[in-house]
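Working notes for the structure below.
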Amino acid sequence: MKTIPRMLAIALGSLGLVVGAQGQAQAILIPTLDTIAPSGGNFIWSYDISLAFDQNATGGSSQSVNPVPLTSGTGDFLTIYDFRGFVGGTCFAPTGWSCQTQAIGFTPSTQTPADSGLTNLSFTRTGATLDGPIADLGDFGAQSTIGLTTPGTFTSRGTKNVGMLAGTKVDSIGAVSVPAPVPEPATLLLLGSTMTGIGVLLRKRREKQQV
């Protein structure tokens with residue numbers, strides 16, 4: 001992904017963050033959709049994740065309790081909600097990160113995102129602690145049967161690394177692109193019928209003009 005579009009997307013993502021665990025706006029682990037690449041009959045969704053200048057991604061175990069308490073002892077993490085069309089077994093992350101998929105996404109205890117019960121992707125730092133800032137932590141993502149985007153939601157947790165609050169956890173919520181809903185069969189049937197009707201009307205109009 002080119003530097004300027006990536007930095008613009010990160011800035012917009014930061015604007016969408018809300019108050020974290022320490023009562024102030026924070027930018028922690030921020031995902032940005034990088035590419036959607038066809039793969040057979042599916043699509044590989046790849047996200048870049050950045051780490052803020054005043055945050056660490058502290059290593060630990062993968063998530064096991066939901067919502068995730070501030071004193072869980074697990075690694076810092078990020079969850080992307082409602083990843084529609086998820087293809088089982090395709091979630092990927094760089095070395096030192098785990099990827100977990102679940103119907104109710106692992107969520108920081110201070111945040112309340114909308115979660116419709118579709119597959120969610122959670123990426124947890126399980127390797128050594130990373131010190132921010134890091135513009136691109138690598139490629140994270142999964143495959144979906146869907147190649148169209150719609151606005152979605154993410155939450156993340158990091159660890160403050162400067163000032164009096166150094167060592168404390170900070171949570172955030174923001175916007176990220178996810179696979180779009182697929183129209184219901186009835187909707188597709190109605191659309192097909194409408195297009196057929198329009199085609200018939202246009203054909204009749206041309207026939208009248210030719211007479």
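Among the residues examined, T35 does not qualify as under 16 Å from T159 (Cα atoms), touching a residue at least 12 places away in the same chain (Cβ under 8 Å) and in contact with a strand residue (DSSP E or B) (Cβ under 9 Å, 6 or more places away or on another chain). If you go through the stretch 147-174 and keep only what is buried (at least 16 other Cβ atoms within 10 Å of the Cβ) and under 12 Å from the mean Cα position of the chain (by Cα), you end up with G152, T153, F154, T155, S156, I173, G174. In this structure, is G13 under 23 Å from F86 (Cβ atoms), at pLDDT below 95 and surrounded by fewer than 17 Cβ atoms within 10 Å (Cβ to Cβ)? No; evaluated as a whole, the condition is false for this residue.
The residue list A166, A186 contains one member that is modelled with pLDDT under 95 and assigned to a loop (DSSP other than H, G, I, E, B), which is A166.
Residues in the stretch 92-130 that are under 19 Å from A180 (Cβ atoms), in contact with a Phe, Trp or Tyr (Cβ under 9 Å, 6 or more places away or on another chain) and not hydroxyl-bearing (S, T, Y): G105, P113, A114, D115, L118, N120, L121. Checking T90, T101, T58, T79 one by one, the residue that is at pLDDT 95 or above, in contact with a Leu (Cβ under 9 Å, 6 or more places away or on another chain) and surrounded by fewer than 17 Cβ atoms within 10 Å (Cβ to Cβ) is T101 and no other.
The values are calculated or read from the model by the stated rules, or taken from the named source; none is laboratory data. All of these numbers come straight from a predicted model, not from anything done at the bench. Cβ coordinates were reconstructed from backbone atoms using ideal geometry, including for glycine residues, and neighbour counts include every protein chain displayed.
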